[in-house]
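Read the structure below first, then the notes.
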Amino acid sequence: MSVYLARRFVSLTLSLIVASFVVFFLLEIVPGDPASFMLGLNATPEAAANLRQALGLEGPPIERYFVWVLGLLQGEFGISYAYKVPVADLVADRLWVSLPLAIYALTLSTLIAFPVGIIAAAKRNSPADLGIMGATQLGVAVPNFWFAMLLVLFFAVTLRWFSAGGFPGWDEGFWISMKALTLPAIALALPQASILARVMRSSLLDTLSEDYVRSARAKGLSRRQALWRHALRNALIPVLTIIGLQFSFLLAGAIIIENVFFLPGLGRLVFQAITSRDLIVVKSVVMILVFAVILVTFIVDITYAIADPRLRRAR
Amino acid sequence: MTGRTIRIAAMSGLALALALGPAMAQRTDVNIGLVLEPPSLDPTAEAAAAVDEVVYANIFEGLTQIASDGSVVPALAESWDISEDGLTYTFHLHDGVTFHDGSTMDAEDVKFSLDRINAEGSLNAQKGLYADIASVEVVDPLTVEVTLSKPNGNMIYNLGWGDAVIVAPETADTNATDPVGTGPFEFVERRPGDSIEIGRYDGYWGEPAKLESATFRYISDPTAAMAALQAGDIDAFPNFPAPETVSMLENDPRFKVIVGATEGETILTMNNSKPPLDDVRVREAIAHAINRQDVIDGAMFGYGVPIGTFWPPTHPDYVDLTDLSAYDPEKSRELLAEAGAEDISLTLHLPPAPYARRGGEIIAEELRAVGIDVEVINVEWAQWLSPEVFFPAPCPGAEGEGDAPPSYDGSCPAEFSYDLTIVSHTEPNDIGLFARDDYYHAYDNDAFTAIYEELSVTSDPEKRSELLKQAQRQIAEDYVVGFLFELAKVGVMDAKLEGMWENAPTQATDLTDVYWSE
């Protein structure tokens with residue numbers, strides 16, 4: 001187990017170093033200057049030069065790279081060019097929207113996908129299975145932003161049960177905030193649940209045809225007992241992989257949904273920062289996301305080891 | 001009157017009171033939808049129109065202010081005297097003005113604010129407007145004397161820009177995140193990415209605001225904007241981002257649509273320094289190839305007024321010069337043949353604004369129709385505001401010192417590489433851009449510069465009007481750019497909301513007079 005963990009840890013660190021390098025130098029070559037952007041159409045070149053100086057955009061890239069990385073290591077993310085507040089504060093604010101939203105959506109998607117996938121596998125080729133396969137096919141195909149717009153039209157514009165978007169903030173109350181996140185979470189969860197249910201079904205069908213399940217049945221277990229005790233646990237590995245990927249996606253990739261519901265989430269922060277060339281925000285947020293994704297992968301790797309004892313033995 | 005009629009009368013009175021009861025509880029808050037979020041909230045350090053859309057006239061005030069009809073009105077200065085030679089301005093300040101932190105606003109604050117604009121290393125984006133200010137002297141706590149180095153007929157107007165608002169020395173550095181001004185509203189809270197809340201300031205020196213609070217919420221997606229309006233999350237969009245849905249909203253009794261004018265001259269900028277566009281005949285040919293109404297209908301769903309020069313049609317001094325560049329593809333081809341430019345290809349850089357992207361496709365098609373090969377290049381704003389289009393490429397500096405902006409010394413003149421682009425210049429009173437020699441149109445005509453210089457030192461209204469008209473005619477006759485249309489301000493709001501600005505003489509959402517009619 002410890003060798004396994006040590007290996008995963010080394011690969012985690014290497015990934016972070018490579019990522020920081022790529023992120024920094026990719027943004028160096030992006031056309032467009034933050035200072036000119038901020039000053040707009042009537043600005044004189046002199047004012048732009050003053051601002052470049054004030055933002056600390058002068059100097060050799062390598063030097064600024066190390067300053068940035070050293071800052072990151074000490075938890076200093078820098079000050080946003082545009083918002084003029086520490087990046088860490090900006091990110092923390094947005095995380096309080098994006099993280100709960102990702103967890104909410106993932107919970108919904110798992111709660112839907114597990115029973116649906118298990119039923120479909122257990123009753124293979126029954127009308128229920130066919131119905132589920134059809135529905136999930138649709139769920140995968142429907143773009144989530146379009147589904148989101150339908151939700152808004154129906155629940156916000158017509159029924160007026162929910163706001164069309166926005167986020168009141170957690171200090172307004174837990175349930176009010178949860179309510180504001182409900183439509184976005186549903187819109188995000190639907191396609192994820194469809195994918196997850198299909199993976200669950202096919203993975204379970206694979207394990208159900210394994211020899212050990214046949215042995216279990218021969219031993220006298222019912223089909224259902226064999227499924228719950230032996231097949232399900234072994235079918236979980238691919239499902240966990242997908243859940244890990246989905247969580248990373250939900251954290252950073254909810255940007256279109258954030259736009260539809262005008263939520264102040266991380267995705268929209270990065271998007272706005274890119275358009276306004278608030279590069280320090282882009283760099284830091286992307287690094288935080290890379291870290292989050294690598295961390296989630298790491299956690300998934302550990303859960304593999306829990307789900308599958310063979311992985312715990314040193315390889 | 002019998003006892004019964006009295007009872008009935010009393011009961012109907014009660015019923016009436018009950019019916020009116022909820023209606024009388026007027027709303028005192030408003031949710032305003034805006035498209036672009038301001039980066040910071042300091043109008044003196046940021047050019048972004050999004051800053052003024054929140055703070056101008058609400059939180060911050062200047063000595064003068066631009067009113068809803070475009071005129072300049074007294075604000076913190078209740079009156080002013082201008083000396084005979086036009087060099088000395090004496091401003092008399094309002095008594096009893098306080099900043100939102102309770103401190104008194106006096107002549108020292110005015111001196112501080114104006115000096116700060118022209119200070120070394122100043123980040124003010126509109127420095128050029130105030131470059132003629134030579135000194136600012138405090139005469140007494142309520143009198144300030146501003147001395148100019150040369151007469152400037154625009155100075156009173158320029159002082160009404162958001163870039164010259166009066167700030168306190170103690171709070172100037174934190175205005176970006178916690179703005180403290182003298183306006184009828186004070187800053188309450190900002191939730192980055194979501195909203196900005198302001199509340200009525202009870203110590204306001206003038207007529208207090210009718211609303212108690214207002215929240216600006218940021219919605220950039222047109223579909224989301226529409227949904228937010230229909231779901232009642234937003235009461236008003238001063239600039240509605242989805243013109244395509246306006247006709248639908250016009251027919252909905254819950255909303256009203258107000259189409260007003262802006263200061264946004266939308267132009268097809270041509271790089272006057274680059275062949276073949278340095279030939280006036282080629283520029284004229286391009287101007288005649290464009291059908292303005294096609295662009296207005298196709299790109300703006302019919303909202304917009306054709307212009308033939310760089311001045312808003314709503315202004316009393318506007319001259320209609322659209323005939324100079326009337327749609328005439330035949331003439332266009334002739335001119336191209338005359339200039340020996342039948343076989344030219346040009347690039348067209350389009351920033352993300354819908355007027356540019358949609359209008360650009362139409363214009364490219366119309367140019368192709370007269371034989372000009374057009375390559376459309378879509379760019380982001382940040383790319384557009386870079387040497388790719390707008391800023392001249394930096395000159396190689398001395399070794400190890402990086403690159404220098406071109407206009408620093410004459411050794412390296414500004415050079416622009418783009419051919420054509422489309423952009424709307426939304427600042428008011430900005431025809432002077434054509435007198436700048438480092439500007440991206442690269443227009444250089446001493447005749448125009450002379451007119452403009454005379455205009456800047458003239459304060460006689462009649463003479464000014466005449467010069468303004470001359471200036472408009474000069475750029476139109478030189479076909480400096482393709483003059484397209486004046487952007488419209490399409491405001492959509494709750495039918496019961498009153499007092500929102502109809503026009504946009506400057507980029508502001510002045511909420512001072514806004515109230516709910518029931």
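Using a Gaussian network model of chain A in which every pair of alpha carbons under 10 angstrom is joined by a spring, one finds that among A:Ala218, A:Ala292, A:Ala156 the greatest mean-square fluctuation is at A:Ala218.
Averaging Cα coordinates gives a centre for the range A:106-125 and one for the range B:164-211; these two points are 53 Å apart. Against the main long axis of the alpha-carbon atoms of chain A, helix A:61-73 sits at an angle near 50°. In the assembled protein chains, B:Asp460 presents an accessible area of approximately 80 Å² (probe radius 1.4 Å). When the C-alpha to C-alpha distance is required to be over 20 Å, the pairs from A:Lys84/A:Lys283; A:Lys84/B:Lys111; B:Lys127/B:Lys150; B:Lys150/B:Lys469; B:Lys469/B:Lys489 that qualify are A:Lys84/B:Lys111; B:Lys150/B:Lys469; B:Lys469/B:Lys489. Rounding to the nearest 10 and keeping the result within 0 to 90°, find how far the Cα-based axis of helix A:127-141 lies from the longest principal axis of chain A. With rounding to tens, the tilt is 10 degrees. Averaging over all projection directions, the Cα-based convex hull of the range B:60-173 occupies 7.1 nm² in the image plane. The distance separating the Cα centre of the range A:245-308 from that of the range A:144-173 comes to 22 Å. In this structure the protein assembly as shown gives 43 Å² per residue of accessible area when probed at 1.4 Å with all protein chains present. Amide hydrogen proximity for B:Val374: with H placed 1.01 Å from N in the peptide plane, the residues at 5 or more positions away or on another chain lying under 5 Å are B:Leu346.
From the square roots a ≥ b ≥ c of the eigenvalues of the alpha-carbon gyration tensor of chain A, which class results: rounded (a/c under 1.5), prolate (a/b over b/c), or oblate? Because a/c hits 1.5 or more and a/b fails to exceed b/c, chain A counts as oblate. Calculated mean residue ellipticity, 222 nm, chain B: -8000 deg cm²/dmol, from DSSP H runs (n ≥ 4) at -39500 (n - 2.57) each, averaged per residue and rounded to 500.
If you take the Cα centroid of the range A:30-80 and the Cα centroid of the range B:487-518, the two points sit 37 Å apart.
Counting only protein heavy atoms and a probe of 1.4 Å, the accessible surface of the range A:146-230 is 60% carbon and sulfur. Applying a length cut-off of 20 Å (Cα extent along the axis) and a mean Kyte-Doolittle floor of 1.0 to the DSSP H helices of chain B leaves B:3-24.
Label-to-label distance for A:Glu63 and A:Val10 is 3.6 nm, based on points extended 7 Å past Cα in the beta-carbon direction.
Close amide H pairs (under 5 Å, H built 1.01 Å from N) link B:Trp205 with B:Thr98, residues at least 5 positions away or on another chain. Solvent-accessible area assigned to carbon and sulfur over the range B:264-488 amounts to 48 percent, based on a 1.4 Å probe.
Put a dot 7 Å past the Cα of B:Asp69, heading toward its Cβ, do the same for B:Asn378, and the two dots end up 4.3 nm apart. Axis angle, to the nearest 10 degrees, between helix A:87-122 and the longest C-alpha principal axis of chain A: 20 degrees.
Listed values for the range A:270-287 are Karplus-derived 3J(HN,Hα) couplings in whole Hz (6.51 cos²θ - 1.76 cosθ + 1.60, θ = phi - 60°), namely 5, 4, 5, 5, 5, 5, 9, 6, 7, 4, 5, 5, 4, 4, 5, 5, 4, 5, and x replaces Gly and Pro. Against the empirical curve 2.2 N^0.38 Å, the C-alpha radius of gyration of the protein assembly as shown lands at a ratio of 1.11. Remark: the range B:301-307, residue by residue, has Karplus-estimated 3J(HN,Hα) of 6, x, 8, x, 10, x, 10 Hz, where x stands for each Gly or Pro and the curve is 6.51 cos²θ - 1.76 cosθ + 1.60 at θ = phi - 60°. Each residue of the range B:58-70 was assigned a 3J(HN,Hα) from its phi angle through the Karplus expression (A = 6.51, B = -1.76, C = 1.60, θ = phi - 60°), giving 8, 9, 10, 9, x, 4, 10, 9, 8, 8, 5, 8, x Hz with x at Gly and Pro.
Between A:Leu150, A:Leu101, A:Phe298, the Cα set farthest toward the positive side of the dipole of chain A (charges on each charged residue's Cβ, about the Cα centre) is that of A:Phe298. In plain terms, the chain from A:Asp129 to A:Phe25 could stretch by 32.4 nm, reckoned as 0.36 nm per residue minus the Cα-Cα distance. Residues whose amide H comes within less than 5 Å of that of B:Phe485, counting only those at least five positions distant or on another chain, are B:Thr266, B:Ile307 (H built at 1.01 Å from N in the peptide plane). Dividing the mean sequence gap of close Cα pairs (under 8 Å, 6+ apart) by how many residues chain B holds gives a relative contact order of 20 percent. Measuring nothing but how far apart in sequence close Cα pairs (under 8 Å, 6+ apart) lie, relative to its length, the range A:87-313 scores a relative contact order of 27 percent. In a fully extended conformation the segment linking A:Ala92 and A:Lys219 would gain 40.2 nm over its present Cα-Cα distance, using 0.36 nm per residue.
A Cβ-based charge dipole, computed about the Cα centre of the range A:2-73 with Lys and Arg at +1 and Asp and Glu at -1, lands at about 460 debye.
Computing FRET efficiency as 1/(1 + (r/R0)^6) for B:Asp29 and B:Thr104, where r is the C-beta to C-beta distance and R0 is 22 Å, gives about 0.15.
What you get for the protein assembly as shown, charging only the Cβ of Lys and Arg (+1) and of Asp and Glu (-1), is a dipole of about 7840 debye around the Cα centre. About the centre of its Cα atoms, the range B:193-279 shows a dipole size close to 140 debye [charges on the beta carbon of Lys, Arg (+1) and Asp, Glu (-1) only; nearest 20 debye].
The values are calculated or read from the model by the stated rules, or taken from the named source; none is laboratory data. Quantities reported herein were computed from a predicted structural model and do not represent experimental measurements. No Cβ is skipped: glycine too gets one built from the backbone with ideal geometry, and neighbour counts run over all protein chains shown. SASA here: full protein model, heavy atoms, side chains in, ligands and nucleic acids out. Shrake-Rupley method; radii C 1.70, N 1.55, O 1.52, S 1.80 Å.
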